[in-house]
1. Can you give me the Rg/Rh ratio for region 6-159, using Cα atoms for both radii and the Kirkwood formula for Rh?
2. Considering the chain as a Gaussian network with a 10 Å cut-off on Cα pairs, which listed residue, 206, 292, 71, attains the greatest mean-square fluctuation?
3. Run the numbers for residue 51 and residue 235: contour at 0.36 nm per residue of separation, minus the present Cα-Cα distance, in nm.
4. With the chain treated as a Gaussian network of Cα nodes joined by springs under 10 Å, which of 107, 148, 172 yields the largest mean-square fluctuation?
5. Using a cut-off of 14 Å between beta-carbons, work out the net charge of the residues near residue 233 (Lys and Arg +1, Asp and Glu -1, residue 233 not included).
6. Determine which residues of region 211-247 fall in the zone a paramagnetic label at residue 264 would reach in this model, i.e. backbone nitrogen under 15 Å from the point 7 Å along Cα→Cβ.
7. Pick from 41, 170, 132 the residue whose mean-square fluctuation is largest in a GNM of the chain, springs joining Cα atoms under 10 Å.
8. By how many nm would the segment from residue 289 to residue 272 lengthen if fully extended, with 0.36 nm per residue of separation less the alpha-carbon distance?
Amino acid sequence: MSDEPVILGPPAKLNLTLEVLGRRPDGYHDLASVFQAIDLRDVLRLWPAASLSLECSTPDLVGEGNLVLRAARLLQAEAGVATGARLHLAKRIPVAAGLGGGSSDAAAVLVGLNRLWGLEWPAESLVELAARLGSDVPFFLGPPTALAAGRGEQLSPLPALAPHIALVVRPALRQPPPRDKTRRLYAALRPEDYRDGAASRQLAEAIGAGRPLDPALLVNSFERVARGLCPEVAEAAAAMLVAGAWWIRLAGSGPCLYTLFRQDGAGAQQAAAEAEGLRASGVEIHVAATLAGDAALNAHIGPDSI
Ligand code: C5P
């Protein structure tokens, strides 16, 4: 066995729309959402080893419930693999922030171990395991722009979005988010937060036709509860407005916020100026391009590109 690790760069995602349609009898909620992956990545390294182990740049994340280890154990059990792997995760995507980082890491573990263990499982089989790990996990095994239905796991690929730059701001929380943040936010939704999915369908159509993004379509059912439960979200939004943002949206169920710029001349300059202003005011900001192309999500990245 070689000591060369498999190295993957699991990316974050933005929900350009996130429409909760209603609560289902199984306790989940039906969604309509346009998912877009962005080039803000964790780095996952996988080495052959006799047993499974995980080290993480954020030690708090390593525990029995960790989705990365759960993904590894699930594939190991389902594929009847007798060997293990040493996993190292360098976190760059803000944790529990609405950017899907944990789900993306789990998807990358499935891809990486499939390769490391020489399983040659087809994508559909990995997707089936991914859906068992979490509603957002299957997206990270497919193309970087997709319309999601069901609890988020039913995906229709969309044509590539025109290149945009995302400014993602993480509000400075006075308390760490609870472990079951997503469940709590869903539970706090009221019927007036539910939507009919029309904005997601219209956005999917606009992307398909190559029309510019209309911010009026970028709706999120969690805006009211996230701002209500977390005053720091409103503070971060105010800082973004001061820096010149025209519009601001919640990332997933929050608490991160984002705005987008077309990646042409004027847009790129505006993004750089706004990012500079926000950095100067002490806000945590990540600047990332939207991803396009089939191989973008879990492309093998070599040590040189890290
Ligand atoms: O699927 P995942 O484990 O990521 O979901 C975490 C929690 O978020 C679920 O237990 C459920 O309470 C809530 N959820 C939901 N509807 C969805 C996705 C998640 O109610 N579509």
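1. Details: Rg = 15.2 Å, Rh = 15.7 Å.
Over the Cα atoms of region 6-159, Rg/Rh equals 0.96.
2. Judging by the Gaussian network model, the answer is 206.
3. Details: separation 184, 0.36 × 184 = 66.24 nm, distance 4.57 nm.
Using 0.36 nm per residue and subtracting the Cα-Cα distance, I get 61.7 nm.
4. 172
5. On the way: positive: 170, 174, 181, 224, 227, 249; negative: 223, 232, 235, 284.
Net charge in that neighbourhood comes out at +2.
6. 211-214
7. 132
8. Numbers: separation 17, 0.36 × 17 = 6.12 nm, distance 1.22 nm.
That works out to 4.9 nm of additional length.
Here, each number is a calculation from the coordinates, and none is a lab measurement. Quantities reported herein were computed from a predicted structural model and do not represent experimental measurements. Counting neighbours? That spans all protein chains shown, and the Cβs are built from the backbone with ideal geometry, glycine included.
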